[in-house]
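The values are calculated or read from the model by the stated rules, or taken from the named source; none is laboratory data. All of these numbers come straight from a predicted model, not from anything done at the bench. Heads up, the Cβs are rebuilt from the backbone with ideal geometry, glycines too, and the neighbour counts pull from every protein chain shown.
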Amino acid sequence: MAAQATNPQSIVIPVGNLIRNPKSEMPSPVIILGSSRSKGNTRLVAESLAERLSCDIIDLNDYTFSYYDYEHRNEGDDFLPLMERIIAEYDTIIFATPVYWYSMSAVMKTFFDRMSDLLTIRKPLGRQFRGKQMGAISVGYDEDTVQGLDMPFRESASYLGMTYLGHVYAWVVDGRVANAPSEQLSAICGRLR
Ligand SMILES: Cc1cc2nc3c(=O)[nH]c(=O)nc-3n(C[C@H](O)[C@H](O)[C@H](O)COP(=O)(O)O)c2cc1C
């Protein structure tokens, strides 16, 4: 991991309490936040995009769901109702994850693993991903993104029949977004229906 970067063009985006944006109308984008801390750096970056898009943020820490189970003994946990809601309410799903050990966070990976429920016990629900859009945001400490970090998002979108909007990397140092990913965020926004 790289040493701390100093960037004179650093921007500061305040961390708010936005969970649901009352201005949003259906169908709208949603940001799925999957970090080990709900008010950390990934939230900071997710909120900057949510403000631009007037969209909702769903924090996976607000839900209880366990690792993928081949026997589906966990089908009564929060995953399936949450997924039903996401699929019913949103056409564009943007995953926001911190970079943990050159990869997505554990909670985000668990969420993705559980999507296998939609290929097994809930196939009709899984088919409803087709035609929707997916994007990804990753937030790390290093100045450069981890090569291949967005591959699971890109390939999953393709597998599920979704349009992939792209990946934006931001790094945060001392509570500041050290790069200015606004151009990339705008590019993603521009690709939103
Ligand atoms: C367990 C762990 C592993 C990390 N691994 C990396 C890494 O591989 N590359 C990187 O740039 N930053 C890494 N970091 C730093 C975080 O990605 C960075 O601080 C990020 O902004 C944290 O976001 P959060 O506040 O949402 O957790 C790691 C942090 C933790 C806690």
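Each residue in the range 89-118 was checked for being away from the ligand (no atom under 16 Å from the Cβ) and of a type in the set (K, R), and 1 pass.
Residue pairs whose Cβ atoms lie under 9 Å apart, sitting 6 or more positions apart in sequence or on different chains, and linking a residue in the range 132-159 that is closer than 18 Å to G175 by Cα and of a type outside the set (A, V, I, L, M, F, W, C) to a partner that is away from the ligand (no atom under 14 Å from the Cβ) and at pLDDT below 90, are E143/N7. For the range 144-165, the set of residues classified as crowded, with 17+ Cβ neighbours inside 10 Å and acidic (D, E) consists of D150 only. Here the condition is being crowded, with 21+ Cβ neighbours inside 10 Å, more than 23 Å from E75 (Cβ to Cβ) and in contact with a Phe, Trp or Tyr (Cβ under 7 Å, 6 or more places away or on another chain); of A136, A96, it holds for A136 alone.
The residues listed here are I31, I86, I121, I57; of these, the one that is within 16 Å of the ligand (Cβ to nearest atom), out of contact with any Phe, Trp or Tyr (no Cβ under 9 Å at 6 or more places or on another chain) and aliphatic (A, V, I, L, M) is I57.
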